[in-house]
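Scroll down for the structure; my scribbles are underneath it.
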Amino acid sequence: MNGMDQVFLGSGVLYDRVCLITEVLGRFVSSAPRPLDLAQLERHTGRPAKELLRLCAMLCREGLLSAHHDQPRCWQLACEASRLTLEDAFRCAMNEQAARARPGRAKAQEGAPRREVDMLVMQATMDINQSIFKHLRQFSLDRLKVSAAGMFGGRRAVPDPWAHARLSFT
């Protein structure tokens, strides 16, 4: 694997964030419909509690998780597990990145040439994002549930077509 394999849209930080969000959501998908608490997430991800608390709060704001009604620091999926895709993880990472950038954003120079450049870049960005969302939508996080359940371990690569056939001599 070369260095570019771990870069997403030119950003290694964005790639790492999408991976973490996918890992956490994948853990919820794997345990659905059961909730997960902070200790379980810490054991699974190896990340500190403070970071996971912020991440779960953000996933709640995005409508992907909901706080468990009986237990503190415990969450469950807010939607059907099969509906979650990489697009959801990517949108969360992008929204998080945009929220961080807002307070420190410098005011752009006003003027006709600058507005035209902004419009052109904005149109290209919108087209690129729509294309990315379309592709990411094709990757359901249910794939993580199947691999986490050990469905692939010990199975033959080619299924036996007669494995479930029943013979009847009546």
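Remarks
- Accessible surface of Val121, taken over heavy atoms with a 1.4 Å probe and every protein chain present, rounds to 80 Å².
- Length gained when the stretch Ala99-Gln40 is fully extended (0.36 nm per residue, less Cα-Cα span): 18.5 nm
- Difference of contour (0.36 nm per residue) and Cα-Cα distance, Gln130 to Leu9: 42.2 nm
- Using the 1.4 Å probe convention, the accessible area of region 1-98 works out to 53 Å² per residue with neighbouring protein chains retained.
- Environment charge at Gln76 (Cβ cut-off 15 Å; Lys +1, Arg +1, Asp -1, Glu -1): +1
- Two-site FRET efficiency, Gln71 against Glu23, from Cβ-Cβ distance with R₀ of 30 Å, rounded to 0.05: 0.85
- Derived scalar couplings ³J(HN,Hα) [region 23-40; Karplus, 6.51 cos²θ - 1.76 cosθ + 1.60; whole Hz; x for Gly, Pro]: 4, 5, 4, x, 5, 5, 4, 5, 9, 4, x, 5, x, 10, 9, 4, 4, 5
- Surface share of carbon and sulfur [accessible, 1.4 angstrom probe, percent] for region 1-98: 50
- Ratio Rg/Rh [Cα only; Rh per Kirkwood] for region 1-98: 0.97
- Added length on full extension, which subtracts the Cα-Cα distance from 0.36 nm per residue, Val117 to Arg54: 19.1 nm
The values are calculated or read from the model by the stated rules, or taken from the named source; none is laboratory data. Fair warning: this is a prediction, and the values are worked out from it, not measured in the lab. As a convention, Cβ positions derive from the backbone with ideal geometry for all residues, glycine included, and neighbour counts pool all protein chains shown. Surface accessibility is based on the protein's heavy atoms, side chains included, excluding ligands, DNA and RNA. Shrake-Rupley method; radii C 1.70, N 1.55, O 1.52, S 1.80 Å.
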